[in-house]
Each structure stands twice: as structure tokens, then as C-alpha cells.
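Notes follow once the structure below has been shown.
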Amino acid sequence: MFPTNFKERREKLLNTLTDAIAIIPGATHVTKSHDTEYPFRQNSNFKYLTGFNEPDSILVLTSYPDKKSILFVREKDPFMEMWSGRRMGPDKALEILEVDETYTVEKFPEMIEKLLLGHEKLYMDLFDEPKTFAMVRDICKKLYHRKKTRASSPPKNFFHVNPLIEKMRLVKDQNEIQFMKTAMIATNKAHRAAMALAAPGRNEKEINALMQYLFTKDLSQGNAYDNIIASGDNANILHYIENNAELKDGDLLLIDAGSELNLYATDITRTFPVNGKFTTVQAEVYEIVLEAQKTAISHAWIGRTLKEVHEHTCRVLTQGLIDLKVLKGSVDENIETAAFRKYYPHGTGHWLGLDVHDQNPYQTDEYEETKFEDGVIFTVEPGLYFPKSDATLPEHLRGIGIRIEDNILITQNGHENLSAMIPKEIKEIEEACAKDYKEFLL
């Protein structure tokens, strides 16, 4: 693995900024209650451009009079470092992070007033950074009323910077791909351990605890999102996170969980029987979902789109719903009326990277679907959901919820399933369920 070239990323973004200045704040600590905080999580766009993981930092990119990268960081403070951890400080940041200038973040209001001058356009996060945006806007307003020349004029036009950075993030470099492959090692181990541990009488929270332990045990750095450990009818709640129900004999267990490394996420779902053996009905529904997923993945290559993948998935699932006597009529009729959406209400996939739902563009500037390129990573996650409370369903289907999710990398030769090692064929799953979970603790 080679060092990530954050400087090159900043220069690439700068080259898209004509007569513009960009301000990209890092994240800050978020209060959990009173004087305690949630674990710090860096802003993904700031992380992508700097690699820096300290809170309360701000990156500024200028194009006038010179192209520069300027980073504002917390000052060195031995007393605060004793309480809250070490700080890099501006001098070390200048040496390590390959920016042109560094200052303490306390100097940002004073410095940004000078840096804004001479730029026609300002790029910022216009929606999710209200405090910083309001401060910069007010400074621009003050400067506007005393402008005399270009060199003393503030930006007249404000633009949302996130789409520019998120477009850059769509195609992953080799380091990003390797982070996700490494995180997948722990994700594989944790899903296999969960299959081995699950049994009637255990609790969802036991499975959750084991997976979280394995997500932090080796090279990965914890879960990429709140784990979904959904047994029985809980699987029909798409974002179920209570994870506190007893596992019952005859039920399925749907687990949507992935680890992360350097903030790069994995996102995997597997569904398996609590007692280790699928019933005939469970297997029938499972095979429909599995066929839909395999069909979707077979259409993952350069030039295709997530919309096309979704359309192929919906056709297979709709035919399956007809075969199960849940829907009537032809596939085309049910696609036209979207009748299948009652049992498959979500999309088939989303981009994956620094965010588990990476905000890369789904459409081009011309409103066309974004086409797959070499280095793009996304999920493929079809499912069928039959709530126990739905009296219109055949009784033997009620309470079944199944989703199968893999992470797909587009390559020059087609695609690579980054999670192919995690069991998903019925035979593989039943064999995994028969293992001893203790072997995964070594």
C-alpha cells in the first residue's frame, strides 16, 4: 500500500475552482449528554482532502492571487492535551500534511477576512455547516459594503462545495480499495461467528456484542454503522436497531453489519435460520432473493448503472412474488403498477466508501444516470419483507424477512465481489451455523 496523496486531491479540486475560494471545515465533537460526547468522527470530505483526524480544523483552498492550501488546526496546549488527547499543532501539521500554510483555528476569523478578498466565488457546505457558513457570510456582507477594487472585493456568488468533492470520491484509488478489502476480513469473520453463535434462547444483543468485538479485534476499527440484528418479524423493520429480542426456534435472523478501516466502510447483510436449518418455505423465499441478487450482480460492469441493476432485480423479485402467489398478473403489469414495492420498498444498491451511503452523484450534471467506471464500489442488496401483521399474505409467509447484500467493485474486466467469502448459499450457511463460535475468538 502506498501513502495516499492528499496533496494531489486538493490540487485536483483547486483546478476546478476558477476565481474561487473553498472552505471545508472538519467535524467537531457532538455532545451526548451534559459533559460527555459521542466518539469523534471526522467529516468525510475533510478527511478525503487532508487525511487529518483532529476535530475543529478548517481547510481553505484559494485560487487568487495564488493557488494555496491553508489548514487551520487546534493550537498545542499541554493542559488540554492532558485531559483530551494529543494535538498535532500548526507547526507539525505544516511539516506532515503537505499544505502551504498552517495557523491555529483561533486565527480563522481574522485570516479568512483577508483570504476572501479578490475571489468571485465562494464554495462551502451550504447546508450542514450552519455555524461556519453564517460566520463567513457575515464577513462577506461586511466586506461587500466597503469594496473598492477587485483585490478588496469579497465573493459575490456562493456555491455548494460538496458535489465537487463527492464526484471525486466516486472512483476509488488502490489504497481506498485496499482499506475496504482489509475491513472485509473482519466483516467476514464476524458474520461467520454470528451464524455459529445464533441459537434458540440466545438474544440479539449477544450476537451484536460478538460482532462489535470482532469488528475491533484485529485490523478494522469498529462498526461502520449501527448493526441491525433482526430476528423473526423484526427483519421486516428495515432499520431495526433495538437488537434486544430473544432468538426463537424456527425464525430467521437478518444481520446487516459491516466494519470499517480509516473510515472506509463495508456493508453486508446475511439472513440465516436461528436453529441452523432453513424450512422449506424459508428456503423458497431465500432462493428468490438470492437469484435476484445474482442476476443484479451479473449486470455490474463498466457502462451500466445502478438503475439498470435495480430494474433487473425487480423483475426477478416480481416473478418470485407471483410464484409465491403473493401477486397476481404478469411481471410487466406488476412492474408498471409498482405492486412489488409493498414487499420490496427500497433500492437495490448505493455507493459505498468513506460513508456507508456515500454521497457520490447518482446523476450527471445533465440528469443522466451515473455510469459504472473502473474503481466504483456499491452495494447489491435485494430483499423480500412479509410482515406478520399483513393479513393479505399467505399465512405461511408471514413474519419472514430476507435481505442479502454484497459489496461490488467495478473492474476493467467486469466486477469483483469484495464479500464473496461470506456464506450466502443455503448449504454454505447451514454449514457455517454448525460451527463453534469460539474458534472465531482466537
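The values are calculated or read from the model by the stated rules, or taken from the named source; none is laboratory data. Keep in mind it's a predicted model, so treat the numbers as computed, not measured. Glycine gets a Cβ as well: all are built from the backbone with ideal geometry, and neighbour counts include every protein chain shown.
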Requested in this report: Given the conditions (1) within 17 Å of Asp256 (Cα to Cα); (2) in contact with a Pro (Cβ under 7 Å, 6 or more places away or on another chain), report the number of the one that Pro345 does not fulfil.
Outcome: (2)
Report task. Looking only at region 281-294, decide whether some residue is without any contact (Cβ under 8 Å) to a residue 24 or more places away in the chain, surrounded by fewer than 17 Cβ atoms within 10 Å (Cβ to Cβ) and assigned by TED's automatic domain parsing to the domain that holds Val380. Result -> yes
Query raised in the report: Asn275 versus (1) at pLDDT 95 or above; (2) buried (at least 20 other Cβ atoms within 10 Å of the Cβ): which is the lone unmet condition?
Result: (2)
Requested in this report: Residue by residue through region 156-188, note down the ones that are more than 29 Å from Thr216 (Cβ to Cβ), out of contact with any Phe, Trp or Tyr (no Cβ under 9 Å at 6 or more places or on another chain) and buried (at least 18 other Cβ atoms within 10 Å of the Cβ).
Outcome: none
Requested in this report: Of the numbered conditions (1) more than 23 Å from the chain's Cα centre (by Cα); (2) buried (at least 20 other Cβ atoms within 10 Å of the Cβ), Leu306 fails exactly one; give the number of that condition.
Outcome: (1)
Report summary line: Conditions (1) without any contact (Cβ under 8 Å) to a residue 60 or more places away in the chain; (2) aromatic (Phe, Trp, Tyr); (3) within 30 Å of Thr364 (Cβ to Cβ) -> Tyr103 fails only (3)
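Out of Thr337, Thr364, report the one residue that is at pLDDT below 95 and surrounded by fewer than 22 Cβ atoms within 10 Å (Cβ to Cβ). Lay out the reasoning, then the answer.
Details: Thr337 fails: at pLDDT below 95.
Of the residues listed, the single one that is at pLDDT below 95 and surrounded by fewer than 22 Cβ atoms within 10 Å (Cβ to Cβ) is Thr364.
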Requested in this report: Kindly indicate whether Glu336 is without any contact (Cβ under 8 Å) to a residue 60 or more places away in the chain and farther than 15 Å from Lys167 by Cβ.
Outcome: yes
Query - Filtered residues of region 251-289 (kept if within 26 Å of Tyr362 (Cβ to Cβ) and part of a helix (DSSP H, G or I)) - result: Val289
Query raised in the report: Among the residues of region 185-194, is any under 27 Å from Lys438 (Cα atoms), of a type in the set (Val, Ile, Thr) and either part of a helix (DSSP H, G or I) or in the same structural domain as Asp358 (by TED's automatic domain parsing) (or both)?
Result: yes
Report summary line: How many residues of region 35-76 are surrounded by fewer than 18 Cβ atoms within 10 Å (Cβ to Cβ) and either among the aromatic types (Phe, Trp, Tyr) or at negative phi (or both)? The answer is 14
